[in-house]
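Each remark here refers to the structure printed beneath this line.
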Amino acid sequence: MKTLNRSTVTANSYPERIIQFGEGNFLRAFADWMIHEMNKNPGFNTGVVVVQPIEQGLVKTLNDQDGLYTLYLNGIKNGLAVSEHQIIDCIQRAINPYKEYSAYLSIAENPDLRFVISNTTEAGIAYHKADKLADSPQKSFPGKLTAFLYKRFKTFKGASDKGLIILPCELIDRNGDNLKRIILQYAAEWNLPTEFVNWIDKNNIFCNTLVDRIVPGYPKNKIDRITKELGYKDNLVVEGEQFHLWVIEGPKEVKEEFPADQNGLNVVFTDNMEPYRTRKVRILNGAHTSLVPVGYLYGIDTVRESLEDPLVGVFLKNAIFNEICPTLDLPEKELIQFSNDVLDRFKNPYL
């Protein structure tokens with residue numbers, strides 16, 4: 001059986017405008033899927049070059065498949081249980097900086113590069129005191145990015161239009177602010193020029209973001225059936241739920257250059273993401289916390305079964321719509337839609 005790559009299937013190629021730190025299941029089922037969808041409309045035309053943030057990873061497998069992989073999205077859509085799949089083709093190549101550090105830095109010389117996307121786990125945006133500019137590579141993700149940005153600064157002599165829009169997806173509060181803070185800390189400790197510090201501060205946009213999608217990952221237990229269904233071997237198959245949400249806090253130009261909300265994607269651009277974080281915590285986490293003890297004491301084992309129960313299901317809906325939603329400072333229409341999405345997620349038969 002043939003293996004998925006660009007010689008066995010027809011796939012689009014795009015100019016590399018995004019450098020992505022992280023090749024794991026989440027980014028491939030979330031950000032890369034969104035970029036793939038955005039590329040379906042004329043004008044965006046954006047490819048991704050992936051950088052492996054730690055020494056062990058999937059770069060070789062990604063390159064063996066020419067950046068291609070199959071994404072399954074499973075869940076409730078328009079009231080029905082749906083399983084859809086497609087080949088994602090926005091990743092153009094992948095680099096392991098632990099083996100190809102010079103190739104990694106050379107990406108900074110690309111004049112068309114505009115975005116940085118990352119997901120290096122909750123522990124990824126962290127300061128590592130031992131990191132030095134001369135390391136190849138630095139251990140931490142912020143250290144690697146500092147060296148990368150300094151290379152770009154030197155290559156283009158501090159040109160104001162060669163700064164980047166940085167979209168971290170790590171699940172920590174104020175992820176963009178924290179990443180910028182650590183980069184400036186490295187710049188100071190490495191005695192980098194004041195002009196570079198000013199360029200970072202004024203010409204690069206560090207967005208705070210909130211991401212939401214359940215990604216079960218590689219379907220190991222059913223890969224034989226999936227391979228037979230697809231008709232080709234794919235070592236990077238990834239599964240995710242239908243629901244997705246990306247809240248991006250930043251200036252208006254981010255929305256203009258990364259118009260994900262115009263492609264039917266659930267992407268929110270805002271100057272204050274805190275109401276959306278509070279909404280997620282109170283409705284999604286709060287509903288789950290409210291449900292578990294009631295369902296458990298009632299003799300129900302799963303969230304989906306609880307929702308389908310006429311008594312417990314009504315209890316949960318009352319908790320969400322009558323108790324939780326009134327505490328939130330967002331438009332009622334948005335709260336109702338998000339609440340209904342949460343209920344659909346709880347009912348997902350694929351999870």
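The values are calculated or read from the model by the stated rules, or taken from the named source; none is laboratory data. In this text the structure is predicted, and so the values were computed from the model without any measurement. Note that each Cβ is placed from the backbone with ideal geometry, even for glycine, and that neighbours are counted across all protein chains shown.
Report every pair of residues separated by at least 6 positions or lying on different chains whose Cβ atoms are under 8 Å apart, first residue within the range 124-148 and free of Cβ contacts under 8 Å to residues at least 12 places away in the same chain, second of a type in the set (Ser, Thr, Tyr).
138/146
Any residue at all in the range 51-64 that's surrounded by 14 or more Cβ atoms within 10 Å (Cβ to Cβ) and part of a strand (DSSP E or B)?
Within the range 51-64, one or more residues are surrounded by 14 or more Cβ atoms within 10 Å (Cβ to Cβ) and part of a strand (DSSP E or B).
Exactly one condition in (1) touching a Pro at 6+ places or on another chain (Cβ under 6 Å); (2) crowded, with 23+ Cβ neighbours inside 10 Å is not met by residue 81; state its number.
Failed condition: (2).
With respect to residue 261, is the statement that it is modelled with pLDDT under 95, closer than 30 Å to residue 113 by Cβ, touching a strand residue (DSSP E or B) at 6+ places or on another chain (Cβ under 8 Å) and surrounded by fewer than 18 Cβ atoms within 10 Å (Cβ to Cβ) true? Break it down stepwise before answering.
Details: modelled with pLDDT under 95: yes; closer than 30 Å to residue 113 by Cβ: yes; touching a strand residue (DSSP E or B) at 6+ places or on another chain (Cβ under 8 Å): yes; surrounded by fewer than 18 Cβ atoms within 10 Å (Cβ to Cβ): yes.
Against the criterion (modelled with pLDDT under 95, closer than 30 Å to residue 113 by Cβ, touching a strand residue (DSSP E or B) at 6+ places or on another chain (Cβ under 8 Å) and surrounded by fewer than 18 Cβ atoms within 10 Å (Cβ to Cβ)), residue 261 qualifies.
Which condition breaks for residue 139 when tested against (1) in contact with a helix residue (DSSP H, G or I) (Cβ under 9 Å, 6 or more places away or on another chain); (2) in a loop (DSSP other than H, G, I, E, B)?
Here residue 139 meets the rest and fails (1).
Give the range 216-242 a look and list any residue that's surrounded by fewer than 20 Cβ atoms within 10 Å (Cβ to Cβ), in a loop (DSSP other than H, G, I, E, B) and touching a Gly at 6+ places or on another chain (Cβ under 9 Å), or say none.
Hit for the range 216-242 is 216, nothing else.
Scan the range 52-60 and tell me whether some residue there is closer than 21 Å to residue 267 by Cα and at pLDDT 95 or above. Full working, then the answer.
Restricting attention to the range 52-60, the residues satisfying the condition of being closer than 21 Å to residue 267 by Cα are none.
Checked against the condition, which is being closer than 21 Å to residue 267 by Cα and at pLDDT 95 or above, the range 52-60 yields no hits at all.
If I filter the range 65-86 down to residues being among the hydrophobic types (A, V, I, L, M, F, W, C) and not in a loop (DSSP other than H, G, I, E, B), which single residue comes out as nearest to residue 110 (Cα to Cα)? Walk me through how you get there before you give the answer.
Step one: list which residues in the range 65-86 are among the hydrophobic types (A, V, I, L, M, F, W, C), which gives 68, 71, 73, 76, 80-82.
Applying the additional criterion that residues be not in a loop (DSSP other than H, G, I, E, B) yields 71, 73, 76, 80-82.
Working: 71: 29, 73: 33, 76: 41, 80: 45, 81: 43, 82: 40 Å.
Filtering the range 65-86 for residues that are among the hydrophobic types (A, V, I, L, M, F, W, C) and not in a loop (DSSP other than H, G, I, E, B), the one nearest to residue 110 (Cα to Cα) comes out as 71.
Within the range 197-228, work out how many residues are more than 20 Å from residue 253 (Cα to Cα) and not aliphatic (A, V, I, L, M).
The total comes to 13.
List every residue pair whose Cβ atoms sit under 6 Å apart, with the two residues 6 or more apart in sequence or on different chains, where the first one lies in the range 272-291 and is surrounded by 18 or more Cβ atoms within 10 Å (Cβ to Cβ) and the second, anywhere, is small (Gly, Ala, Ser) and assigned to a helix (DSSP H, G or I).
Partner pairs satisfying both residue conditions: 283/339; 291/306.
Give me the pairs: first residue in the range 93-104 and more than 21 Å from residue 69 (Cβ to Cβ), second residue among the acidic types (Asp, Glu) and surrounded by fewer than 22 Cβ atoms within 10 Å (Cβ to Cβ), beta-carbon distance under 8 Å, and six or more apart or on different chains, which are they?
Correct list of pairs: 98/55.
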